[in-house]
Amino acid sequence: MTGVTGQAPRSLTSDEVPQSRTAKAPFPPELWAEAVYSRRAIPATLATGRPAPGQAEAEPDQLPDEPRRPLASPPLHLAPSPDAPADLSDPAVLAALLHYSHGLLQHDLTPGGWPLHRAVASARCRYPSELTLVTPNASFRFDPLHHQLVLLHESVTGHQETEAGATRFIVITSRFARTARLYGDYAPRLCAQEAGMLLGAVHLVAAALGLRARPGQDQETLNELCADWLPATGEHPMGYLEIERSATADPRTTTGPRHPANRAWPPPELASVLRSRHSGAAIFDPEPAFAPGELLTDLDAALAAAPFGDFSCHLLVQRVTGFSPGHYVHSDGHLRQVRDRDPLALLEQIGQTEGRVSMNFRSTACTAHLAVGRGTAVARHGDDAFRRLHLSAGAAAHLLCVAAARHGLSARIHNGYDAATAERLLGLAPGEETVLFQVAIGAARPGAAFRVPVVF
């Protein structure tokens, strides 16, 4: 995830932005104008690795000096148990869920590279998001570096093993300061984007394991889940998933979203796909190669299984076997073509930052723009619409990245686009819909870094 967004700032009217419903909302209404619609230069600090103005270089965040619980080694495959319903009381299931949604999967050995890569894309590998497992008796922070759980809080009656079948929650929080060290005031948007992708990652891995995961955005529930430990961490609560055991050990009998015929989602080889997912080299300049037609089928199936449905996906297709170049839209569970012509001109007009095209769109296979109903959400949720909509779009963005990885392709989340131009050229409802993610997909050229898998 790199870059920044386009068009001159504009102020939202009082009719568009009602008063915040929370006293200390981390997403003020100005973020829509400043972080989504404004033309922003990429901070000079990114070239030097120095802190942004006003941001002192801090020591690495330390987890509390509390009891730790080693996790089982994560499996090489993700699949429901054939013998019993999936449940987080099973050490193997818990280890798999945490590792493949938020764990360390790759390591760069090349000096000067980004050394550690997690399962979810992050702006400059800052990884501000945190995962906390909340049980009826205690709360544990997942430490991906050591593949362990760290106790954050336990009930006054003392820690007890939670019985099988009990409901647990995965809570996502964010340390804005990690990203602000390079991005300054642009950090809240990047953190909100990553939180959404992480929520999508947990939801995806839970489905592959046969767990029932119900994602949540409700602020009151989120605050209640964090009440016992959040004040001590200095983090912002972002989202949560309620995890229940599956009703059956046979995934073929479970209910779920409808997918395109003969294309299962999640894919059976999901673990290897997640281990191979990457965002391409530092400069995203893919080979001008055709992607297989199954890519769009997988993208359609993945988006149909997204945890939230309040988004649309506009695919500008250039090189996909069996599909004519053009503008395709996925909404309400279906993919349809709305314009049959080469979309390069659209891409290069949308992808403008500071008077130049922000990426080599001439060699991508396709590019996705995820749009949300900003007007309706702001009217309903006020300032909190920013967090909620980024959770929805971010979860879908992660699924796009995974679908691309299944076909050996890179997916680069790149904020170098002009939001107002995107709305106009993609035919979005004026004043209602807003693009929150731009995801370019292509065949990555060999990079300079030597990357190896992380094995616990």
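General observations
- Taking first residues from the range 211-222 that are among the aromatic types (Phe, Trp, Tyr) and partners that are modelled with pLDDT of 95 or more, no Cβ contact under 7 Å between residues at least 6 apart in sequence or on separate chains turns up.
- Scanning the range 429-456 for residues that are touching a His at 6+ places or on another chain (Cβ under 8 Å), outside any strand (DSSP E or B) and not small (Gly, Ala, Ser) yields a count of 2.
- Being of a type in the set (Lys, Arg), in contact with a strand residue (DSSP E or B) (Cβ under 9 Å, 6 or more places away or on another chain) and part of a loop (DSSP other than H, G, I, E, B) is a condition met by at least one residue of the range 175-196.
- Residue pairs whose Cβ atoms lie under 7 Å apart, sitting 6 or more positions apart in sequence or on different chains, and linking a residue in the range 308-336 that is without any contact (Cβ under 8 Å) to a residue 24 or more places away in the chain to a partner that is β-branched (Val, Ile, Thr) and assigned to a strand (DSSP E or B), are Pro325/Val317; Gly326/Val317; Val329/Val338; Arg336/Val329.
- Here Leu270, Leu274, Leu347, Leu335 are screened, and the one residue that is in contact with a helix residue (DSSP H, G or I) (Cβ under 7 Å, 6 or more places away or on another chain) and closer than 19 Å to Leu436 by Cα is Leu347.
- Hey, Ala385 aliphatic (A, V, I, L, M), free of Cβ contacts under 8 Å to residues at least 60 places away in the same chain and surrounded by 17 or more Cβ atoms within 10 Å (Cβ to Cβ) or not: yes
- Unique residue being at pLDDT 95 or above and of a type in the set (D, E, K, R) when the list is Arg356, Arg341, Arg319, Arg336: Arg319
- Conditions (1) closer than 18 Å to Ala119 by Cβ; (2) in contact with a Phe, Trp or Tyr (Cβ under 6 Å, 6 or more places away or on another chain): number failed by Ala393: (1)
- Failed item, numbered, when Phe456 is tested on (1) in the same structural domain as Gly322 (by TED's automatic domain parsing); (2) at pLDDT below 95: (1)
- Qualifying residue in the range 84-96 (condition: at pLDDT below 90, more than 22 Å from Glu194 (Cα to Cα), surrounded by fewer than 13 Cβ atoms within 10 Å (Cβ to Cβ) and more than 22 Å from the chain's Cα centre (by Cα)): no
- In the range 270-322, the residues that are of a type in the set (D, E, K, R), touching a Gly at 6+ places or on another chain (Cβ under 9 Å) and either outside the structural domain of Val372 (by TED's automatic domain parsing) or in a loop (DSSP other than H, G, I, E, B) (or both): Asp285, Asp310, Arg319
Listed here are the residues, each with its yes/no results for (1) out of contact with any Lys or Arg (no Cβ under 7 Å at 6 or more places or on another chain); (2) of a type outside the set (D, E, K, R); (3) assigned to a helix (DSSP H, G or I).
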position	(1), (2), (3)
Ser73	yes, yes, no
Leu76	yes, yes, no
Pro85	no, yes, no
His99	yes, yes, yes
Glu130	no, no, no
His146	yes, yes, no
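- Residue check, Gly408 in the same structural domain as Leu315 (by TED's automatic domain parsing) and surrounded by fewer than 24 Cβ atoms within 10 Å (Cβ to Cβ): yes
- Scope the range 224-270; condition modelled with pLDDT of 95 or more and of a type in the set (Gly, Ala, Ser); matching residues: Gly239
- Qualifying residue in the range 323-340 (condition: touching a Lys or Arg at 6+ places or on another chain (Cβ under 9 Å), more than 19 Å from Ala301 (Cα to Cα), outside any strand (DSSP E or B) and in the same structural domain as Gly431 (by TED's automatic domain parsing)): yes
- Residue within the range 194-201 that is closer than 22 Å to Ser89 by Cβ, surrounded by fewer than 21 Cβ atoms within 10 Å (Cβ to Cβ), of a type outside the set (Ser, Thr, Tyr) and modelled with pLDDT of 95 or more present: no
The values are calculated or read from the model by the stated rules, or taken from the named source; none is laboratory data. Note that this is a predicted model, so its numbers are computed, not measured. Counting neighbours? That spans all protein chains shown, and the Cβs are built from the backbone with ideal geometry, glycine included.
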